[in-house]
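The structure appears below as structure tokens.
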There are 4 protein chains.
Amino acid sequence: MSVKIHTQFGFTCKQPTSALLQFEVASLPEQDVLSARCDITDTAHFARIAAQDNIGERIWLNAEGQVRVEYEAEVAPHRQLCPLDTLDALLPHDLPGETVQYLMDSRYCRADEFQSLVEAEFSGTEGGARIAAIRDWISDHFDYVPGSSNATTTATDSFVKRQGICRDYAHVLVTLARASTIPARYVACYAPGVDPQDFHAIAQVFLADPEGTGGTWQPVDATGMADLANAALIGVGRDAADVSFVTSFGAMQFDYSKIAVNTCD
Amino acid sequence: MSVKIHTQFGFTCKQPTSALLQFEVASLPEQDVLSARCDITDTAHFARIAAQDNIGERIWLNAEGQVRVEYEAEVAPHRQLCPLDTLDALLPHDLPGETVQYLMDSRYCRADEFQSLVEAEFSGTEGGARIAAIRDWISDHFDYVPGSSNATTTATDSFVKRQGICRDYAHVLVTLARASTIPARYVACYAPGVDPQDFHAIAQVFLADPEGTGGTWQPVDATGMADLANAALIGVGRDAADVSFVTSFGAMQFDYSKIAVNTCD
Amino acid sequence: MSVKIHTQFGFTCKQPTSALLQFEVASLPEQDVLSARCDITDTAHFARIAAQDNIGERIWLNAEGQVRVEYEAEVAPHRQLCPLDTLDALLPHDLPGETVQYLMDSRYCRADEFQSLVEAEFSGTEGGARIAAIRDWISDHFDYVPGSSNATTTATDSFVKRQGICRDYAHVLVTLARASTIPARYVACYAPGVDPQDFHAIAQVFLADPEGTGGTWQPVDATGMADLANAALIGVGRDAADVSFVTSFGAMQFDYSKIAVNTCD
Amino acid sequence: MSVKIHTQFGFTCKQPTSALLQFEVASLPEQDVLSARCDITDTAHFARIAAQDNIGERIWLNAEGQVRVEYEAEVAPHRQLCPLDTLDALLPHDLPGETVQYLMDSRYCRADEFQSLVEAEFSGTEGGARIAAIRDWISDHFDYVPGSSNATTTATDSFVKRQGICRDYAHVLVTLARASTIPARYVACYAPGVDPQDFHAIAQVFLADPEGTGGTWQPVDATGMADLANAALIGVGRDAADVSFVTSFGAMQFDYSKIAVNTCD
């Protein structure tokens, strides 16, 4: 089975402005990019660089005036999903050094504030079972309400408001995982099943490999909407600040976005 | 010339608690560690891992009861300092991919909010001259007041309060640099000249190499206290959340710290 | 001269929800309400109560389904404006007790953080001249950008972002006035000259009466758009949290608003 | 039975600084002040004004150098406590106008964010029973940890951290009450039973009078420490920002405080 993606978005900068784009499906062992085509309005500069953790690429533009992006890709994910509650946590001192940054507080995820809370609310669970319990708690207590959050909303805000969109669900899960001493990163993706269809956000948590030979990043979707086996990953970061589809270093007006994600046999 | 460091600190965990320590001088081309000795109370676990950007090491402990740390080292820094205002910025699209994370918002540094402000306050300056202007502005407008900030104080808080300690000065400089599209990271160090002597914090900004062969990280101290040529770097991160000398994943009571830094010929 | 106001807005509550409305022009010595007509969709409850400081009225509704409000009024303001910089401050211990609450921090106005900043930026000015200096500073440094703020934006946020709408301009002025130990309150009004026409927000500051017989509340508009002599005041509060045109105690969907304000001879 | 109070505190201002003090027991129908004596270092100004809601008094000083305050009082509280869960809420539109400000968001109590949460967590309860449920929930889920909060800690911060002191317990209760459309104010008091003895903070909520003749303010202590029948009230406000024992409008260094509260037959 493959997933076809069609992405369109546009923005306008009145002054020449550096912008960083990340919207293309990453080439990864767990997903083959069968084809991809990307059209971007000509701009003064254009450069591709490896994105966070070498997953996917970022594109630098120097934008002036209207910029329009159109992207079409076909991807074949062949991701093996493990039942989360069968996976152990690694002891903190066994974590690979490069995963430790994903235990730290970030822009939207102030995890240290939640240490007492996770021990009280999720005591008796560990590792993958803890993550499953957190995911189910969020799913039970939150309402998916488009428009209920904005670019400054933190996981703490969402936690008390009990509303949000995929970005907020992912932030809360990442935060509660880190507060449980389990590395967690934010993942931008395209996923079948998301309604309304848009860029989607999930989390990955670092748990012991089922074979006991180290650790692996496991996907989790607190919204429950995404078909995780067939999600097409774009990139990862500490939180949404790292993997926005467009990050502007100056005044920018967002014009539109339109995303289509379809599976085909 | 060499720098002798003597560090002592202690903390207590009533329950077994994972703690991450980072207090040792990093081995780097710009500073030779001539000798080092580290005594830590025996704990259930002990592991060393590479720290952020492979600069220095973090130590994992599983702490229970009192933990005491004593560290002595002698370091010979041989850092070449360039006058900041002679250094150009790299164009964003020429930045190495791994520096881009240091343009992003982090826990304490919400740089995107400051984009208009830096253009208004520091217009007419670029690159190293911009950084020098920011450093001087902070130095002119801030008072160094021990006790005026705490572990939740952000760069935004400090910016309006115009008070803080080295941590806060570094956060504000990092934030205004990132808002100027110049990568900036937070640096923990030991530095001669700091009064009262304590763990010190400075920033590094990524600017064009004077030889024009790429970019380099340049140290900046908005407090003006540190002898930067002879500072002994411990580690780096997006902000203070990444390079605390002790990060606890559970309840921890801090007991004491005592730092001595002396130069000898 | 009189001012004609035509206000229309609507909102929808799926569940029965208590809502507090404040949109009518207040009856005040400085403005005569010549005529007023108010049509509101029938709701389960309806009660009028005096609003903050007995200025204007609030309306309680128990809303279910669509609520539509239409209001027409003609008002004759006859407000005497004093040049701000001719007015002295009252010494704090001479302030009437009821004005002291307007020195305190509120939801959107964390004034205490700005005490050092106002002394540094506006030193050499006092009383009305201090307020005029603050007003002019905001006017010079801020851009009026509809959509650049939201219901959670604080004066601190706006101060660093240097953008906002009338609400944000008023919050920053109120905050810097309080940090200068001058009582300041937030004022909702209808004002000729506002573009785009909408509910408008200004501030009032408490300064010595020109006759030296106590103190008076003086209007200030940091946006510079409003014709203050002819503004029709609705109500006052510590900040926008107190005088929203609709405050909902449960889920509410805002549908539309349309405001017209015209002067006639 | 009477309560004897002995209060001592001191602070230092290097520059002449306006300071507002509120530490004396209020004269109220529910508590007779049998005797009171107050010694304050001579300062350039001294004025008493009625405090918030005419409960107690505030003292203005113009402080320079060391200020020392000593206060002794004997108070006879004769407060009738009703079991909270026997009291109904007033319908919002039956609330007296002057109580409505205590439904609004304030500096430390952003109640609107918690509307969904209170409906989910405390559904099935109303009025006094809702308040009792909130009080018991806080008591069950929070740890009283001196030093775990500071002057910038909000109810939202405390809610996720699940730690705090009396100030934080009161803020969370006030916030969850307002989110339930029940007016709630913050109360500074001296209370027997508090350990360690200090200025204490409780909340008051506005509920229907048991005789059905309107509403009354009922005391609630989420910490469970205070003997509410014998607490001696100092003053009220929207939150701690309004009733600090010392509020400084300029740089101030706090030196010490010592509080003794004893009951005698």
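The values are calculated or read from the model by the stated rules, or taken from the named source; none is laboratory data. Here the structure is a predicted model, which is why all the values come from computation and not from measurement. Reconstructed Cβ throughout: ideal geometry from the backbone, glycine too, with neighbour counts over all protein chains shown. The area values use the complete protein model at the heavy-atom level, side chains included, leaving out ligands, DNA and RNA. Shrake-Rupley method; radii C 1.70, N 1.55, O 1.52, S 1.80 Å.
Quick look at the numbers
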item	result
Residues in the stretch C:243-265 reached by a label modelled at C:Gln15 [backbone nitrogen below 11 Å; 7 Å Cα→Cβ]	C:250-252
10 Å Cβ neighbours from other chains, averaged over peptide B:94-106	6
Helix B:166-179 axis, angle to chain B major axis (alpha carbon atoms, nearest 10°)	40 degrees
Part-to-part distance (alpha-carbon centres) for the stretch B:82-103 and the stretch C:69-117, which is given in Å	46 Å
Kirkwood Rh in Å, taken over all unlike Cα pairs in chain D	18.9 Å
Exposure rank, largest accessible area first [B:Thr213, D:Thr223; 1.4 Å]	B:Thr213, D:Thr223
B:His6 accessible area, assembled protein chains, probe 1.4 Å, Å²	60 Å²
Size of charge dipole - the protein assembly as shown - debye, nearest 20, with Cβ of Lys, Arg +1 and Asp, Glu -1, no other charges	0 debye
More than 20 angstrom apart: percent of Cα pairs within the stretch C:1-149	69 percent
Fraction in percent of alpha-carbon pairs per bin - 10 Å, the stretch C:84-235	12, 44, 36, 8, 0
Inter-copy spacing of D:Asp136 label points, which lie 7 Å from Cα along Cα→Cβ, given in nm from shortest upward	2.6, 6.3, 6.6
Axis-nearest residue of B (beta carbon) for the B-onto-D rotation, whole Å	B:Asn150, 3
Value of [θ]222 nm, deg cm²/dmol, for chain D, DSSP H segments ≥ 4, -39500 (n - 2.57) each, nearest 500	-5000 deg cm²/dmol
Rg over Rh [alpha-carbon atoms, Kirkwood Rh] for the stretch B:72-132	1.07
Chain A, relative contact order [Cα under 8 Å, separation at least 6], %	30 percent
Cα-based helix-to-principal-axis angle, B:127-141 vs chain B, degrees rounded to 10	70 degrees
Accessible area in the full protein assembly, largest first, 1.4 Å probe, for D:Asp94, B:Asp53, C:Asp221, B:Asp265	B:Asp265, D:Asp94, B:Asp53, C:Asp221
Cβ-placed point charges (K, R +1; D, E -1), dipole of the stretch C:84-235 about Cα centre in debye, nearest 20	420 debye
Distances in nm from A:Tyr256 to the matching label points in the other copies, shortest first (labels 7 Å along Cα to Cβ)	2.3, 6.9, 7.2
Greater than 18 Å apart at Cα, pairs in B:Lys14/D:Lys258; C:Lys161/C:Lys258; A:Lys161/C:Lys258; A:Lys4/A:Lys258; C:Lys4/C:Lys258	B:Lys14/D:Lys258; C:Lys161/C:Lys258; A:Lys161/C:Lys258
Mean Cα-pair separation over length for the stretch A:84-235, i.e. relative contact order, pairs under 8 Å, 6 or more apart, %	26 percent
Heavy-atom surface of the stretch D:84-235, accessible at 1.4 Å and reported per residue (Å²)	31 Å²
Two-site FRET efficiency, D:Asp32 against A:Asp140, from Cβ-Cβ distance with R₀ of 51 Å, rounded to 0.05	0.45
Computed accessible area, C:Tyr256, all protein chains, 1.4 angstrom probe, square angstrom	80 Å²
Where only C-alpha atoms are counted, convex hull volume of the protein assembly as shown per residue in Å³	180 Å³
Space enclosed by the convex hull of the alpha-carbon atoms of the stretch D:151-265, per residue, Å³	133 Å³
The stretch B:41-61 versus the stretch A:221-252: alpha-carbon centroid distance in Å	31 Å
Inter-copy label distances at D:Thr125 (7 Å, Cα→Cβ; nm, one decimal)	2.5, 5.1, 5.6
Heavy-atom accessible surface of the protein assembly as shown: percent carbon and sulfur, 1.4 Å	46 percent
Relative contact order, percent, the stretch A:1-131 [alpha-carbon distance under 8 Å, six or more residues apart]	31 percent
Rg/Rh for the stretch D:154-194, where both radii come from Cα atoms and Rh is the Kirkwood radius	1.01
Exposure ranking of A:Asp239, B:Asp88 by accessible area [1.4 Å probe, largest first]	B:Asp88, A:Asp239
Shielding by partners, peptide A:81-93 (average Cβ within 10 angstrom, other chains)	2
